[in-house]
Amino acid sequence: MTPSPDRGRRRRPAPTRLLPVAWVLGLTVLAGCGSSLLGSSSTTVVPSSAASPGATTTTVPVDGEVAVAFPVVACTDPAAGGAVIKPLNGWSPTILLAPIPTSLVGKVTFYTDGVHTLLGPTGWTCGLVAPGPAGGATGSTVPATTSVAGQNGAIAAQGGTTLAIYPSTTPTTPTTGTPAPGAEGIFATYATTGSDAGVDLVCPFFAIPSWQSQSAGCSTAKPFGETTTVLTPDVTEATDPAGVVGTLAGSGGQGAVTGVVLFPQVPSAVSYGSPLPVAAESCSLSDTALCPTILSDFDVRELPVPAAG
């Protein structure tokens, strides 16, 4: 019998699937908070009724692990009379699977505009935030100590997109300009460093060419009292303690606000000031226990793993 030509050849190992660095960070952060990012080991089949916002959340196995099926709520556009945003690509999910602690079942929900997806408290409202003056829709102005950079600066500038998840019962919705100090909500801002909004978003946290920060007019100085931690070269965590009006949206109120800023470090593009996608999210909640999971989910969804080499 003629031996097979493949016999004796070394088999190429199956490619391994790399987890995002931010995912690993998220797991570490949550572990420090005494909670697991994975659901319980019991699984059930997701019923057809799970497509509705009020559906019962269930768990299903994903790649040998356990994830939780959470409902998805569509964001609205206040400029269009509060109409639901209809994504151009037609992607409009009703449930999403995610490795989120089962202890948060019923407490958190996904919100999407068809392009970006955020995790936030259940029963709240998601809407686009239009660029505008500081102080938000209340008409009040943020104190003069407010940084002109960071997320607060980016929301007020042109060239970015901001989604806000806020309580449905709030008397004044944060849908225009920078949210007022103490505004409760989840605020996510997306831009590129080819716009003023994108430069504002990252210049207090990452090194960029001086001409780029000067052109956008952003301040590289960190607001007094704000603390930052470099989690990875691409991810910086920021905290504005109670009463500190810092770079994060919603900061300056009676509670602390935490957030993350994402800036993929592509050396040549960063050095020359070429446009790169950037994003930031702040968590301004009275129930701060939800923030680590919300921010970790944001990291995982917005920061892909760079190609090796």
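Taking S286 as the residue in question, decide whether it is farther than 20 Å from A149 by Cβ, surrounded by fewer than 19 Cβ atoms within 10 Å (Cβ to Cβ), polar (S, T, N, Q) and out of contact with any Gly (no Cβ under 8 Å at 6 or more places or on another chain). Quick ask: steps written out before the conclusion?
Working: farther than 20 Å from A149 by Cβ: yes; surrounded by fewer than 19 Cβ atoms within 10 Å (Cβ to Cβ): yes; polar (S, T, N, Q): yes; out of contact with any Gly (no Cβ under 8 Å at 6 or more places or on another chain): no.
Answer is no for this residue.
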Would it be correct to say that Q254 is surrounded by fewer than 17 Cβ atoms within 10 Å (Cβ to Cβ) and either of a type in the set (A, V, I, L, M) or not in a loop (DSSP other than H, G, I, E, B) (or both)? no
Failed condition for S271, given (1) buried (at least 24 other Cβ atoms within 10 Å of the Cβ); (2) of a type in the set (S, T, N, Q); (3) at pLDDT below 95: (1)
Tell me whether region 289-298 contains one or more residues that are under 27 Å from S103 (Cβ atoms), among the charged types (D, E, K, R) and either at pLDDT below 95 or surrounded by 17 or more Cβ atoms within 10 Å (Cβ to Cβ) (or both). yes
Going through region 96-115 in order, the residues found to be under 20 Å from Y166 (Cα atoms), aliphatic (A, V, I, L, M) and assigned to a strand (DSSP E or B) are V108
Residue pairs meeting the criteria (Cβ under 6 Å; at least 6 apart or on separate chains; first under 21 Å from Y272 (Cα atoms), in region 187-200; second assigned to a loop (DSSP other than H, G, I, E, B) and hydrophobic (A, V, I, L, M, F, W, C)): T193/L276; D196/A157; A197/A157; V199/C218; D200/A149; D200/A157; D200/C218
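Of the residues A164, A183, only one is within 16 Å of the chain's Cα centre (by Cα) and over 27 Å from S268 (Cα atoms); which?
On the way: A183 fails: within 16 Å of the chain's Cα centre (by Cα).
From the options A164, A183, the qualifying one is A164.
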Per-region count, region 182-208, residues within 19 Å of P131 (Cβ to Cβ), surrounded by fewer than 24 Cβ atoms within 10 Å (Cβ to Cβ), out of contact with any helix residue (DSSP H, G or I) (no Cβ under 6 Å at 6 or more places or on another chain) and not small (G, A, S): 1
Result of the Cβ filter at 8 Å on region 65-89, keeping first residues that are closer than 19 Å to V108 by Cβ and touching a residue at least 60 places away in the same chain (Cβ under 8 Å) and partners that are part of a loop (DSSP other than H, G, I, E, B) and not small (G, A, S), at least 6 apart or interchain, is C75/I85; C75/D113
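Have a look at A280, A249 and point out the one that is among the hydrophobic types (A, V, I, L, M, F, W, C), under 18 Å from the mean Cα position of the chain (by Cα), outside any strand (DSSP E or B) and at pLDDT 95 or above.
Just one listed residue meets the conditions, A249.
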Residue count, region 232-255, condition of a type in the set (A, V, I, L, M, F, W, C), over 16 Å from A164 (Cβ atoms) and in contact with a Gly (Cβ under 9 Å, 6 or more places away or on another chain), comes to 4
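The values are calculated or read from the model by the stated rules, or taken from the named source; none is laboratory data. All values reported here derive from a predicted model rather than from experimental measurement. Ideal geometry is used to build each Cβ from the backbone, glycine not excepted, and the neighbour counts take in all protein chains shown.
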